[in-house]
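Data first, discussion second: the structure below is written as structure tokens.
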Amino acid sequence: MALLEAHDLTKTFRRPEKDPGLRGSFKHLFQRKYSTKTAVGGVDLSIEAGEAVAYVGPNGAGKSTTIKLLTGIVEPTSGEVRIGGLVPHRNRVANSRQIGVLFGQRTQLWWDLPVRESLALLRDMYDLSPDRFRAQLKRFDEVLGLDELLPVVARKLSLGQRMRADLACALLHDPRIVFLDEPTIGLDIAVKDRVREFLRQLKAEGTTIMLTTHDLGDIEDTCERIVIIDGGRVIYDGSLAQVKDRYARERRVHLQLGSELTVTELADRFPQATVTAGAEGRREFTIAFDKAELTAGAVLAGVAQIAEVLEVKIDEPAIEDVVRKVYAGELLLAEGSTP
Amino acid sequence: MKPYRTMARNSMQSTFAFRTAFLMAAVAACFQLVATVALWSALLSNGGSIGGFTLPEMKAYLLMGYVTGWLGNAIGEWVLANRIRDGQVALDLVKPIETQKMMFAQTLGGLPMELIMIVTVGAGFVLVAGPMPGPSNIPLLMLSLVFVMPIRFCIAFLTTQLVFWTQNFHGVSWARNAVGAVLSGSLVPLSLMPTWLQTTAAVLPFASLTSTPALIYLGKVSTPTAYLLIGVQAFWVVALWFLARVAFRAASRQVTVHGG
């Protein structure tokens, strides 16, 4: 059995419907109208121990709600979840020992206390021995630079520092599975890299990871599986490599030439590709093609025969481009095979 | 037990971090005490009594009102309410702890600061306010004071849960404080109220907060009645604790989902 199993997971909310303005609010006092919104509708998910899964989707797609359902914070309207055989919202305490949760937009640090005290409180909650606690702090210090944060009162931490401390909080008890909801939100490049390095390390150590993010750079090095959700439904569940292979096949070769050529001359040479002229008219071109039909090497060799090549730049679409197209509705992903 | 102890210690530490706020609260409390003593002095200047209270007795009553007003109040209910409103409570739900016990531990951590406030301002009051009777039965008084904090916590925790539905604590807090001030007897002794209000107070837990310890202090009730009133306090602690527990189970289903 998989470590995490969710079957037909659904959550609907009742939302008050008010007319605009004071009048609307007043009217709502006497005439209550509600509409039902489905945040998550029939999600099936199965995660094996040791897997790292990226859970992505546009704003309001139902990502955070799914995380709240999976961690037991929110009770599903219908459907079921099991983590390691436990139903999270029914066995909250037992379940909380096997999961770690980080909400990038919230902190679990006690606002008025030094980071050290928050960690000590968690140590007592999870019943860690003093030795184990020290070992964990040392480990976090190595990757997250935690030591310098320990004496600082939580409200005085910068966002990046706070996130580092929060990661330590979420992972202090060595959970079997960790849910990270936007762990790099609002962070600068340096801290982001640090967090990503930490995620890679976690994965290498065998921790099961479920990661939601808007920054797809977070997932490229860590996750081998991607689940895309939109409108509360899973629209893709499969390997990241497969998504890229299937939907990110386009390559663009940007060329700067030593001599002049026309678009037609190049287009004739590469009938499978699309050729466009660049800003510098007849000395700059972009050749776009499907990597299954043509290779960058063949393009370069072909161009070299008719003109001197000065500069070359090759663009490979990031997973980001694929997902952007999905969000925009330009690309309909076929059902991927679950790895 | 250990995490709750640590929580109480952390909470104590945070009250000391806000010592300036408590200093200001102390000044405000002195001001209010002086004003109410002046009011009662004017009303009772001819040496008579109102509702069975002479001026010295009324001063002692006000002192008890001040003392009981602090118990369980240093960690304001705002701390609890904000935890719900900010969605922090969601994080408590993924910890191997019970939220209610955790918040109680947090409230308990405020006790040292409360005692400091009680002793400093209270001692000043005794010195300045003039003659007043001492407690008539110290063990019984102490016993009844022990119950004040848990009862206040349960009431606060229960009303705080309304935030799950209202998303706003102002209204809830104002309403509860206004009702509480009257029905606990902290504004004026309950014996000065119309009968219907006294009856209402008798069936609600608020009187256990101020009226009971104050009446025991002054010896206004016989010893058997004092035991009965303390029994009522104990009943409220148990009843409210379980009521709050059941309510929280229902309320936490209301955790709304912010941000998709």
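Only the coordinates and a few stated rules stand behind these numbers; no lab work does. All of these numbers come straight from a predicted model, not from anything done at the bench. Using ideal geometry, Cβ is built from the backbone for each residue, glycine included, and neighbour counts are taken over all protein chains shown.
Side notes on the structure shown:
- Measuring between their Cα centroids, region B:143-191 and region B:56-71 lie 17 Å from each other.
- Mean projected area (nm²) of the alpha-carbon convex hull when region B:72-174 is viewed from all directions: 8.4
- Counting DSSP beta bridges with both ends in the protein assembly as shown, the antiparallel % (nearest 5): 70
- Calculated FRET value between residue A:311 and residue A:139, using beta carbons and R₀ = 41 Å, to 0.05: 0.35
- Beta bridges by DSSP in region A:62-209, antiparallel share as percent, to the nearest 5: 20
- Taking other Cβ atoms within 10 Å as a rough exposure proxy, A:8, A:321 sort from fewest to most as A:8, A:321.
- Net charge of Cβ neighbours under 11 Å - reference residue B:94; Lys, Arg +1; Asp, Glu -1: +3
- Neighbour-count order for A:214, A:89, fewest beta carbons within 10 angstrom listed first: A:214, A:89
- Computed FRET value (nearest 0.05) for residue A:327 with residue B:26, which takes r as the C-beta separation and R₀ as 60 Å: 0.60
- Shielding by partners, peptide B:84-93 (average Cβ within 10 angstrom, other chains): 5
- Set the Cα radius of gyration of region A:49-245 against 2.2 N^0.38 Å, with N its number of residues, and you get 1.01.
- Links that overshoot a 25 Å alpha carbon limit, given the list A:63/A:156; A:68/A:203; A:68/B:95; A:156/A:192; A:11/B:2: A:63/A:156; A:11/B:2
- Extending 7 Å from Cα along the Cβ direction at residue A:26 and again at residue B:179 yields two label points whose distance is 2.7 nm.
- Taking 7 Å steps out from each Cα toward its Cβ at residue A:215 and residue B:115 produces label points 4.8 nm apart.
- Only Lys, Arg, Asp and Glu carry charge here, each on its Cβ (+1 for the first two, -1 for the last two); on that basis region B:58-121 has a dipole of about 60 debye about its Cα centre.
- Across the options A:319, B:156, B:50, the greatest Cα extent toward the positive end of the charge dipole of the protein assembly as shown (unit charges at beta carbon of Lys, Arg, Asp, Glu) belongs to B:50.
- Amide H contacts of residue A:42 (H built 1.01 Å from N, under 5 Å, at least 5 apart or other chain): A:9, A:10, A:11
- Dipole size of the protein assembly as shown about its Cα centre, with +1 on Lys/Arg Cβ and -1 on Asp/Glu Cβ: approximately 2760 debye, rounded to the nearest 20.
- Per-residue HN-Hα couplings for region B:169-180 [Karplus 6.51, -1.76, 1.60; θ = phi - 60°; Hz; x = Gly/Pro]: 9, 3, x, 4, 5, 4, 4, 5, 5, 5, 5, x
- Cα centre as origin, Lys/Arg/Asp/Glu Cβ charges: region A:80-193 dipole, Debye: 300
- q = 0.21, 0.28, 0.29, 0.30 Å⁻¹, region B:31-92: log10 I(q)/I(0) [Debye, one scatterer per Cα]: -0.82, -1.10, -1.14, -1.17
- Per-residue ellipticity at 222 nm from helix content only, as computed over chain A with -39500 (n - 2.57) for each DSSP H run of at least four residues, stands at -10000 deg cm²/dmol.
- Based on the reciprocal of the average 1/r between different C-alpha atoms, the Kirkwood radius for region B:124-252 equals 15.9 Å.
- Virtual spin-label span in nm between residue B:127 and residue B:191, 7 Å along Cα→Cβ: 3.1
- Farthest toward positive dipole pole in the protein assembly as shown [+1 Lys/Arg, -1 Asp/Glu at C-beta], among A:153, B:243, B:189: B:189
- Distance from the alpha carbon centroid of region A:3-21 to that of region B:80-99 works out to 20 angstrom.
- Ranked from largest, the principal axis spans of the Cα set of region A:250-316 equal 29, 21, 18 Å.
- Distant alpha-carbon pairs in chain A (separation over 36 angstrom), percent: 38
- On full extension, the segment bounded by residue A:18 and residue A:205 gains 62.3 nm, given 0.36 nm per residue less the C-alpha separation.
- Start at zero, step by 10 Å, and the Cα-Cα distances of the protein assembly as shown spread as 3, 14, 19, 18, 16, 12, 8, 4, 3, 2, 1, 0 percent across the bins.
- Dipole of region A:48-150 computed with +1 at Lys/Arg Cβ and -1 at Asp/Glu Cβ about the Cα centre; of A:107, A:61, A:125, farthest Cα towards the positive end is A:61.
- Computed over the alpha carbons of region B:1-153, Rg followed by Dmax gives 18.5, 63 Å.
- Per-selection metrics, chain B (Cα): Rg and Dmax in Å: 19.2, 68
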